[in-house]
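The values are calculated or read from the model by the stated rules, or taken from the named source; none is laboratory data. Every value quoted in this text rests on a predicted model; they were computed, and no experiment measured them. Note that we place each Cβ from the backbone using ideal geometry, even for glycine, and neighbour counts take in every protein chain shown.
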Amino acid sequence: MLTHRESSPAEHELRDELAQDPNDEAAFDALVEIVRERADEGTHVDPLTAAPDTRVAQDHAVWALAEELAGKPSAWLPLIVLARLSLAADHEAAMRRLNLACERETSGLALTHAVAMLRDADAPTEAIAFGVAHWELASRDAEAAGEIIQAALETGRTEEARRLLDSLETAPPSLTATVESAEAQNA
């Protein structure tokens, strides 16, 4: 059994992969699982509840990993992770991280993750504003556009969803059908 400070060959391999590509989601997720397990090893029991405080320790370990990788000029995925972890405690810093991630990754993938993260955090209005601010990226990526349009529908802004959908060069039929369904319900 490895101690808290020893690393496995798998961990070394994942770290090597992430050194080459800090945005490799599969490698990042696999390393996150190892980091979370390690964090559990040193977890102390909360004196008030007598329950181990594993979530905080795990989040701190993931934060350290993401922060380590976010320093690479091409890294955008670690910035999304840092934003997710800091959204509730430091909203402004989280939004700066999301903006930087979208500056670094210009195909729309980072935007897709950012808008989805904001939607998951029950902030669809902010997801729309963020997505529209980066609409040029979204108009090139159907998934990013879909996330923004879904956020508009979640907030009851059907007309805005239609306007955004119409501005796309090509829209997936399922997204078009979703907007048409929302329009029919509002008619």
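Output yes when any residue across region 87-99 is at pLDDT below 85 and either basic (K, R) or under 21 Å from the mean Cα position of the chain (by Cα) (or both), and no when none is. Steps first, answer last, please.
The first filter runs over region 87-99 and keeps only residues at pLDDT below 85, leaving none.
No, region 87-99 contains no residue that is at pLDDT below 85 and either basic (K, R) or under 21 Å from the mean Cα position of the chain (by Cα) (or both).
Here's the yes/no breakdown for (1) at positive phi; (2) loosely packed, with under 15 Cβ neighbours inside 10 Å; (3) at pLDDT 95 or above:
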position: L168; (1), (2), (3): no, no, no
position: P172; (1), (2), (3): no, yes, no
position: V179; (1), (2), (3): no, no, yes
position: N186; (1), (2), (3): no, yes, no
Restricting region 27-45 to residues that are surrounded by 12 or more Cβ atoms within 10 Å (Cβ to Cβ) and either of a type in the set (A, V, I, L, M) or part of a loop (DSSP other than H, G, I, E, B) (or both), the one modelled with the lowest pLDDT turns out to be T43
Go through region 56-73 and count every residue that is out of contact with any Phe, Trp or Tyr (no Cβ under 9 Å at 6 or more places or on another chain), within 13 Å of V32 (Cα to Cα) and not acidic (D, E). 7
Filter region 77-134 down to residues that are part of a loop (DSSP other than H, G, I, E, B) and either within 24 Å of R163 (Cβ to Cβ) or of a type in the set (D, E, K, R) (or both), then give me how many there are. 8
Given T106, T125, T112, which one is among the hydroxyl-bearing types (S, T, Y), more than 19 Å from E143 (Cβ to Cβ) and without any contact (Cβ under 8 Å) to a residue 40 or more places away in the chain? T125
